Each structure stands twice: as structure tokens, then as C-alpha cells.
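Written below as C-alpha cells is the structure these notes are about.
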Amino acid sequence: MSSFLLIDMILLGLAAVVAIGVISVRSLLSATMLGGIYSLLMALIWQNMNAVDVAFTEAAVGAGISTVLLVGTLLHTRRETNQSPAIHWPALLTVVLTGSFLIYGTVDMPDYGDASAPIHTGRVQQLLGQRVGKVDNEGVHHAWTYSTMAEQSVERDEPERSFPPERSHGEDHGGDAEAGAHGHPNDDFKGHSPNTVTSLLAAYRGYDTMYETAVIFTAGMAMVLLLRRREERA
Amino acid sequence: MSFIDFNLPVLLVIVPLLGGVLSVVVGSIVGSRKDLAWGWALAVSWVTLALVIRMLLAVVAAPEGFVVYNLGSWPGPWGIEYRVDHLNAFVLLVVAGIGAATTLYARHSVADEIPDDRHHAFYCVWLLAIAGLLGITVTGDTFNVYVLLEISSLTSYALIAMGKGRDRRALLASLRYLILGTIGASFILVGIGYLLMLTGTLNMADMHERLIALPDFAENRTVLVAFAFLLVGLSVKMALFPLHMWLPGAYTHAPSAVSALLASTATKVGVYMAFRFMYTIFGRHYSIDVLPGHSVLLLCAALAVLVPNLTAIRQTNVKRLLAYSSVGQIGYMVMGFALANEAGMTGSIVHLFNHAAMKGGMFLAVGAVVYRLGRCHVNDFTGLGKRMPWTMGAFSIGGLGLVGFPLTAGFVSKWFLVKGCIEAGLWPLVVVVLIGSLLAVIYTWKLLERIWFTEPPESTADLREAPPTMLISTWALILTSVYFGVHASFTVGMAQKAAAFLLETTQ
Amino acid sequence: MNLALLEPSTASFLKVASLAGTYNYALYVVLMMIGFYGVIAKKNLIKQALGLGLFSTGIFLFYISMGVVEGGTAPVWWTTDEAHLLKAAGPYDNPLTHVLILTAIVVSVSTLAVAMALIVNIQRAYGTIEEDEIRAIEDAEHPGEGVI
Amino acid sequence: MKDQVVLRVMTKLLVPYMLVFGFYVIAHGELGPGGGFQGGVILAAGFILYGIVYGKSELHRVAPRRVIDALAGIGVLLYAGVGVWTMLLGGRFLDYSVLPAADYGAAEALGMVLVEYGVGITVCTVMITVYDMISEEGRP
């Protein structure tokens, strides 16, 4: 935890400095580049917090696509901003008030990294612990569809809220003899993919991900609507 | 149970989504065909309306008063859950109904305002906007609300910016909406994050149960900040008075069909979300009794009724006038639900429906004027009643509805609002509602006098009536509002059930 | 590296810092507010868009911080038992917040794309992307309407 | 950058590896970090690099606009189509367990792989569109 904390602090401090740079520097190209650096720093921070998928995405998006977008825009516009007054006091006041209010709200939160926080003992863990079966077509919820397996194995018999549960599952989805033994028509899938982020993303919250795809598609269509040159042929 | 009935809640969102995407795929294969794009969008929007009506009937028939659908068959609090009760179903009807009417209208208007080669993309974004609004309304999962909110916002930005062909200010209005809208959505995201931190769940009903189970729920500072940020974020989305700055520009400079669609649906869905967050997640007790948020909302609502209506009187652009009037009407809706009694909430929900129909119809009528004249300055309306009697007839009836004239829909909702104010013992608010109506009389009369009691200038001698599809959809909305002004039992019945359900099922 | 390997002073400092408990949540507010300041205070439209990006990244940092478990590792379960079956070992960081933020990052880049499309169009229509210059143009053209 | 021989040759060498890596990331999403979105961005990066070095007309030759537009929609259709397919098979929307496969686990895996490809296709094509549009010259 401690080395983590040290690196975390250093990276966050750097990120704050770079963020101030993004806002204050006059050259827009420099601001864009600093923005890319900020994204890479964020990717490092998230890597440090073990959010590997998020770090990967931030590196690809923040440092990659966003930079392409911004540089592409700068090709059309000018490269420098006008000189503006050093500090915009009403904005500073708003920001300080909003920020203090947000910090005020963090006071009653569970401690950072506290494993007994509701978010770590709540609904997701029951899902990942495979304590939740699917709902059948009559709307009946078959909770804990692995109950048959729980009887077979003592290891599964554990308190409701432990995370992560001690459990094992076949690496190979197909041809597993156990599948037939407890196969309920609406069973949970036999074991998650090792990357639980992907299984949450594509299965439990697959519906959100579909709209995420739709959001990207919308952005693409908006670009086409707004920027595509008229076709010359009649 | 048939396939459609079983999957009804998700189908009504998926149909416009898939319809929109297919529009682009087909368009890029067969090349751009204006009428194909429009016809397809029309078919999809009417199928959606049919599904929504079926949904409404299913909800009314449901013994518990709501219908649940589990996406991916993952059960309620764990996966994403759709939960449709009377309130959702009613708002769904508003969104899908306006969507169907404005799509019918869009044919000439869009052909006039949007370049020929991008009609497929335009109708794609159009349908996605409808899908996003329906999706926000139907879902019972907070993060799903955020994602769909962003779909509806991104599509709105693109649609509003398409007014650039006629007026470059559309671009500024759109960018301004984008910046404010993104800040609003980020505030909502912060609020959801704070609640997730405390409860460990994203499902609205589950979140409510876990929140009220917290030992120090009423004093918890995290809950307070979450509540405040959600409310501010939602206020931006529904354009509640001090945070309405994006709305007038956006609705004024957008293409006519887009103005009508967004004016009658987007802010209404924002109001609906505020209902949901306040009553379903935080509960009546916390939102109304514990926090001063309730009086802050009432104050904003009262100001929203007074200030924008005053601003509307000074406007010289009719679309901008209607936009300011919309901000004023949002005040009535917010006032109704912040009263937290059944009469007030009924008034609010009924007004949501009535205002969507009336204001939608009026925006469509102004759109017809823009289609024929190319602009909509107040001076352009001089004697227009003699040149375009049908369009102006619809416009005038809508205007009377805004005022709250008896026998129009506006009267019914204001009646309930005043009743709610009296029940709550808030006499100053009754005065505010009356002054608001008086201000509406002033700007409506200013227009009506010009339309009907002045001689048309010679320059408009060859002006013809609007095309039939435009007239049909305009009159459909206006007649709806008149019909439900006279026979208010359906709308009021639905609204009363929804209000009672919200007040009873949460604490 | 553990606490003992650090200089004594640093170690005690870290101990104090971790006692604060919710410090990481306060730090995200600082990053978020730098972006928010950019959105409000800057007149250049690209600067405003960059500020929006910083603002939302601050929120993402908050979500990811929420998911951290003390001593946890990445939520990718690679350990196998004797029978070569995958199994979970040790505490893992919460994958739910990672999933939500993946979606939110995508949403934020989509918003940035639309914003850039609008800004390029504004540059073409007005010849500038400075808010006060555009305001001057609009005030001259449509006095009294107040667009921005 | 059309006269830079080193750039041209290096691009020709690099792009295939970028594409392969992109597909690897999409296909490997269940096992390690990555997935449709990240893989799609990497695939798009290959095309964007090609477009930057060889010029946009060359990019339009290997990736015609109409194909890119259609594919962006097809990615979403593939994702939602899996949902519609599961509904037609008698399950709820996106309930992968009803898909035809050896067992329920395999069915879930099949569903997840299909939707990841859907995401990958859309993200890749939209990112190409974003580059293509933002570098578009002349009035829209």
C-alpha cells in the first residue's frame, strides 16, 4: 500500500501541474500535447490502481484519438489563444465553492480502499460470486443456481458476503461434464472469463455497452452530418 | 404470452435504435434517397408509437401497477432492470406521440433545411434521439440513465447544429448546449457515484431501500451532496430557470422539426427524471421533509414562471418567444412536483402531457411559416391569418392553451396546480400561477392581434397554405390538446395514479 | 517495496496521509475543478473543450478510486489450482467501477468529437473561435438578441 | 508526406502488425485487458497512420467511405442483432444463454465474443470517420 501511495501521490501531483498547464498555456498546440501527457499520467495512475482496462482505454483514447481530433481541429483554426486576464475571479469563486462542497460530501464516505465498504460487499460481489442466477421466463428468480454444486463441494459453503469467493471453474467452456449435471435452462454461465471487467461489461451490463456503441456511432454520424463535404455529382 | 408482449419494454427502445442505424446502412448501400429515408423514419416512429400504446395498456392492466423487464435475464438489483409504472408509461406516450407527429411533419421541412446527401444520416440521428429519450424514461437503473442521457444529448447537439444552413448561430447554440449539457451530465455522474459509494448498487429501487436503511441517512453529508449535484445536473437538462441559458438559442436556431421534437420531449424527460430521482431514489421523506431542497425548488419554479415569461414578451423572434415561454412552463411542472401532494403532482404530470402537445403544435405551426417565408420575425406574422388560415388557426388555439383558457388542456393542468398550492397552504404560489397566466395572455395577444386583426402586406400576396403533411401533424397535436382539455379523464386518471403510486410506494 | 524500506520521515508522512482515509477522494476534486475553471474562465472554445475533458477525467478518477481495495490486485483472475482450473486468489479491486468508467470514457471522447466538429464549423462560419470576438460579431449583426 | 521513403516503407511494414494486434486485443478481451473498444481503436490507428502517410485519396481507396459508413452501422446492428436473436430464441434481450452452443457457458462466451466484435467494428470505423472528417477540407 505504501509504495502505491507514494507513486499515487507523485503521479497525482504531476497530473495537477499538467492540468494547470493545459488550462493556462497560450499555444493551443502545446495545450493539446499537455492534454495527451495528462491522459498518459491518468493511465499510469489507473494502472497503479489496478484498473488495467481503463488505463489501456485512456491511453488509446486520451493520448491517441483525442490528440488526432484536436490537432485536426487546429489545422482549421489558429494556434494561439488571445491574451486573457491572469485570473478570472468569479470563475475561481464558483470553482472553489463547488469543490469545497464536493469535498464536504466525501467526509462521510467509507475510507479509501476499505474492503468493507458497501460497494465492495454489495450487489456486484454477489454476482461475481455466482450467487445470482438468471430469471426464467415466468419472472421467477432462481437464486444461486449453483446450489447443486454447493452441496457437492464444501468450499462453496461460505458466508454470503465474502469477496471474492473461493471457487474454481473450467478453463474450457465446451465439453465439460459438469455442465449437464446442474444445467438449468437459464443458468449462469459456467465460470466467467478471467477478466471480470469484460464479463461485467459484455454480460451483466451488456445493455449499457450496447448504448456505449450507439454513442460512438452517434458521434460518427454527427461528424458526417456536420463536416462531410457535399458530394460534387448531382 | 406473445413474443412482442413479453419483450415489450425493450422493444420500444430497440425499434427506433435499430431503425436509425439501418437508415444509415441502407443509405450507404443504395445511395441517398430523400423519400426513402423519410418514409423509413416515419414507419419506425409509428411502430414505436404502437408499441408504446401497447405498453401503456399492459401497465394499466398489471395488477401490481408496474411491469418489470430484466435485461439479459439478470435479476433486478444485479443486472439492468426496466420498471415501467404509470408515470413512465405516460411519459413514454408523450415522447413517442410527439416523435410520430413530428416525423410526419419533417418531410417538407427537412427537405427544405437539410442538404440532400445527408438525409439518411439526419433521420438516423433523429431516430436515435427518440430512442435515447424513450430509454431514459423506461429504465430503472441509474447508470443506464446516464448513458442514454448522453445518447439523447449528443443527438440533440447534432440535430440543433443542422440549423446552420439557414442560420450560423445554430452552431453557437449547439456548442453552448454541449458545454452546459456535459457539465450537467457530469454532475449527474458525480451524484450517481456518491450514491454508488454508499449503497453499492445502481438499481433505483434497490438504492432507495439501501439508502433508507443507512443509520444516519438524514444527516449523511454524502447523501446531501449527491442530492444537490443530481438536482443541479437535472435542472440543466430540464432548463429550470437559472440554468436555462442553453434553451432559447437552441430552440430558436435549430431546424423547425427539431425545435418541435426537442421542445416537447427533451425537457419533459428531464422533469420526469427529477421526479424519479427525488421520489424513487431519495424518497418523499428525505427530499421534501428533511432538506430545504424543496423550498429551493419552489423558489426556482416561481421565478421560472415569472422571469422567462416576462422575457418572452420582449422577443421579436417567434421561435425565441416560444422557447422562453417553454422555460416558463417548466416552472409550472417543477412547482407541481415540488409541492409533493397528489393534486400538485397530478397537475405537474398532466401539464407535462398538455404542454408537449400544445407547444409541439405551436412550434410545428411556426415551422410551417418558416417553410413558406424563410423566417419567423414577429412582423412576418402581420395578417398571416388571411394567408395561412389553417396554420394560424392551430397556432392560435395552442396559444390559448398556453394561457390556460377554459376548455383547453392548459386550463386542466393549472386547475390542479392551483388546487395543489391551496392544499399546501402556499397562497403566494397561487398568485404566481395567476401572474404567469397573465403574462402569457400578453405575449399571446400580441401575436394573435397581429395575425388576425391586421391587413396582410402586399409582399405576401403569393403565400400559400402549408403542405398537407405539415397541417395534419400540427392539427393532430393541437386537437389532442383540445380533446384532453374537454375530456380530461384519461390524462388526469393516469396522472393521479402515477402521483399516488410515487407517494405511496416510497417513503 | 514496503513501508520499512522508505525513509522514516516519509513513512510517517504516509501513515498520516493514509489515516486521513478519504484523501484520494479530495484529490480528485482538485483535478476536476482545474478543468471546471477552464470551462468557465477561458474564452477560447478549444480551451473550453479541453477543460471539459479534464473535468470529466477527474470524475473518472473518483470512480476508479472507489473501486480500490486495500492490497487488491487487478480483477483478472489468472490463478489456477492443482486441477488446472481458474480460480480467484486474494482480494481484487472492484471491476464494476472500471466497467462504468470504460463506458464514460467512450462517452467523453464522443462528446469531444462532436464539440470539435462544431468548433471547425464555427471557425468556418465566423472566422474565429474566441468567444468574445464571436459575441462582438453577433452583437453588431443582431443587436439586442444576445446569442452567446 | 508522400515523398518520405523511410516513412512510406516503415508504414507498410507497421500497418499489418497494428491490424493483427488490434484483432488480438479484440479477441483476447476475456482473458486479459482489452476488448472490442481498445482493439477497435488500435485497428483504426493502423488506418489513420496509413491515411496520414499515403494521403486521404489512398485511404479512401483501401477504405471507401460508403463501406466505412455501412460498417459503422453494421457493428451496432451486430450487437443489437445478438439481442434480437436471443429474443427470437425465446430468451430476454441479450440473454446469451439461449444461443445455440455446446452448453450454457459456451453460449455465454459466444454471445460475448459476438458483441465484442460488434463494438470493435463500430469503434474502428467511427474512429476512421473521425479522422477522415476532421481533416476534411472545403465547406461542408
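Taking square-rooted eigenvalues a ≥ b ≥ c of the alpha carbon gyration tensor, is segment B:261-321 rounded, prolate or oblate, where a/c under 1.5 means rounded and, failing that, a/b exceeding b/c means prolate? Display every interim value, and only then the final one.
Working: a/c = 6.82, a/b = 1.77, b/c = 3.86.
Oblate.
Give me the 1.4 Å probe accessible area per residue for segment A:1-80, excluding ligands and nucleic acids, in Å².
Details: 2710 Å² over 80 residues.
Per-residue value: 34 Å².
Taking R0 as 41 Å, what FRET efficiency do you get between B:TRP427 and B:GLU504 from their Cβ-Cβ distance, rounded to the nearest 0.05?
0.90
In Å², rounded to the nearest 100, what is the total accessible surface buried by chains D and A against each other with a 1.4 Å probe?
By this definition, chains D and A bury close to 4500 Å².
Subtract the Cα-Cα distance of B:ALA62 and B:TRP46 from 0.36 nm times their separation in residues, and report this length gain in nm to one decimal.
Numbers: separation 16, 0.36 × 16 = 5.76 nm, distance 2.42 nm.
Net length gain for the segment: 3.3 nm.
Can you give the net charge of the other residues whose Cβ lies under 15 Å from the Cβ of A:THR106, counting K and R as +1 and D and E as -1?
Numbers: positive: B:ARG221; negative: A:ASP108, A:ASP111, A:ASP114.
Every neighbour counted, the sum reads -2.
Compute the acute angle (0 to 90°) between the alpha-carbon long axis of helix D:104-134 and the principal axis of greatest extent of the alpha-carbon atoms of chain D; round to the nearest 10°.
That helix lies at roughly 30 degrees to the long axis.
Once Lys and Arg get +1 and Asp and Glu get -1 on their Cβ, which of D:VAL123, B:PHE217, B:VAL369 lies farthest toward the positive end of the dipole of the protein assembly as shown?
Projecting each Cα onto the dipole axis, the largest value belongs to B:VAL369.
Starting from the alpha-carbon convex hull of segment A:195-234, give the projected area averaged over all orientations, in nm². Let's see the in-between values first.
Details: hull surface 16.4 nm².
That works out to 4.1 nm², a quarter of the Cα hull's surface.
With only alpha-carbon atoms counted, please give the Rg and Dmax of segment D:5-134, in Å.
Cα only, segment D:5-134: 16.9, 58 Å (Rg, Dmax).
Rounded to whole Hz and in sequence order, give me ³J(HN,Hα) for segment D:60-76 from the Karplus expression 6.51 cos²θ - 1.76 cosθ + 1.60, θ = phi - 60°, writing x for Gly and Pro.
So the J values, rounded to whole Hz, are 5, 6, 7, 9, x, 4, 5, 5, 4, 4, 4, 5, 4, x, 5, x, 5.
Rounded, prolate or oblate: which fits segment B:247-403, taking a ≥ b ≥ c as square roots of the Cα gyration tensor eigenvalues, rounded meaning a/c under 1.5, else prolate when a/b beats b/c?
Details: a/c = 2.55, a/b = 2.37, b/c = 1.07.
Prolate shape, in that a/c is at least 1.5 and a/b is the bigger ratio.
Please report, as a whole percent, how much of the solvent-accessible surface of the protein assembly as shown comes from carbon and sulfur atoms (probe radius 1.4 Å). Please report the intermediate quantities before stating the final value.
Numbers: 21740 of 33440 Å².
The value for the protein assembly as shown is 65 percent carbon and sulfur by accessible area.
Kirkwood-based Rg over Rh for segment A:1-94 (C-alpha set), two decimals? Each step should come with its number before you reach the end.
Numbers: Rg = 15.5 Å, Rh = 14.7 Å.
Here the Rg-to-Rh quotient is 1.06.
Given a 1.4 Å probe, show me the residues in segment B:18-42 buried by at least 40 Å² of accessible surface when comparing the whole protein assembly to the chain alone.
B:LEU18, B:VAL21, B:VAL24, B:VAL25, B:SER28
Which value, in nm² and rounded to one decimal, describes the direction-averaged projected area of the C-alpha convex hull of segment B:292-507?
On the way: hull surface 47.3 nm².
With the hull built on Cα positions only, its mean projection is 11.8 nm².
How many nm separate the modelled label positions at B:ILE53 and B:GLU209, each set 7 Å beyond the Cα in the direction of the Cβ?
The two pseudo-label positions are separated by 3.7 nm.
Based on the Cβ-Cβ distance of D:MET10 and A:LEU75, what FRET efficiency does E = 1/(1 + (r/R0)^6) give at R0 = 22 Å, to the nearest 0.05?
On the way: r = 23 Å, r/R0 = 1.06.
Using R0 = 22 Å, I get an efficiency of 0.40.
Between B:ALA218 and B:ARG314, what is the label-to-label distance in nm when each label sits 7 Å out along the Cα-to-Cβ direction?
4.5 nm
Would you please give the FRET efficiency between A:LEU29 and B:ILE435, computed as 1/(1 + (r/R0)^6) with r the Cβ-Cβ distance and R0 = 41 Å, to the nearest 0.05?
On the way: r = 54 Å, r/R0 = 1.31.
Step by step, r from the Cβ atoms, then E = 0.15.
Ignoring ligands, DNA and RNA, how much accessible area is buried between chains A and C, both sides summed, with a 1.4 Å probe, to the nearest 100 Å²?
Numbers: alone 17530 and 10700 Å², together 19670 Å².
Interface area, both chains combined: 8600 Å², rounded to the nearest 100.
Taking 4 °C and 1.567 mPa s as the conditions, I'd like the Stokes-Einstein D for segment B:187-230 in µm²/s, using the Kirkwood hydrodynamic radius from alpha carbon pairs. Don't skip to the answer; put the middle values down first.
Numbers: Rh = 10.2 Å.
For these conditions, the coefficient is 127 µm²/s.
Any idea of the accessible area per residue across chain B, 1.4 Å probe, to the nearest Å²?
Details: 14150 Å² over 507 residues.
Result: 28 Å² per residue.
What is the Cα centroid distance between segment B:396-450 and segment B:278-328, reported in whole angstrom?
Measuring centre to centre over Cα atoms gives 15 Å.
Count the net charge of all other residues whose Cβ sits under 11 Å from the Cβ of A:GLU212, scoring Lys and Arg as +1 and Asp and Glu as -1. Mind dumping the intermediate values first?
Details: positive: A:ARG205; negative: A:ASP208, B:GLU150.
Around A:GLU212, the surrounding residues sum to -1.
Find the eigenvalues of the gyration tensor of the Cα atoms of segment B:20-84, then list the square roots of 5 times those eigenvalues as equivalent ellipsoid semi-axes, largest first, in whole angstrom. Present the calculation step by step, with values, prior to reporting the outcome.
Values: eigenvalues 234, 60, 5 Å².
Three semi-axes, in Å: 34, 17, 5.
Could you give the C-alpha radius of gyration of the protein assembly as shown expressed as a fraction of 2.2 N^0.38 Å, taking N as the number of residues it contains? Write out the running numbers ahead of the final one.
On the way: Rg = 27.8 Å, N = 1029, 2.2 N^0.38 = 30.7 Å.
Compared with the compact-globule rule of thumb, the protein assembly as shown sits at 0.91.
Residues with beta-carbon under 13 Å from that of A:THR198, excluding A:THR198: net charge, scoring Lys, Arg +1 and Asp, Glu -1? It would help to have the intermediate numbers written out before the result.
Working: positive: A:ARG205; negative: A:ASP53, D:GLU30, D:GLU108, D:GLU116.
Here the charged neighbours net out to -3.
On C-alpha positions alone, give me the angle between the axis of helix D:36-54 and the longest principal axis of chain D, in degrees, nearest 10.
20 degrees
The values are calculated or read from the model by the stated rules, or taken from the named source; none is laboratory data. No experiment lies behind these values; they were computed from the predicted model shown. Don't worry about glycine lacking a Cβ; one is built from the backbone with ideal geometry, like all the others, and counts go over all protein chains shown. All accessible areas refer to the heavy atoms of the entire protein, side chains included, with ligands and DNA or RNA removed. Shrake-Rupley method; radii C 1.70, N 1.55, O 1.52, S 1.80 Å.
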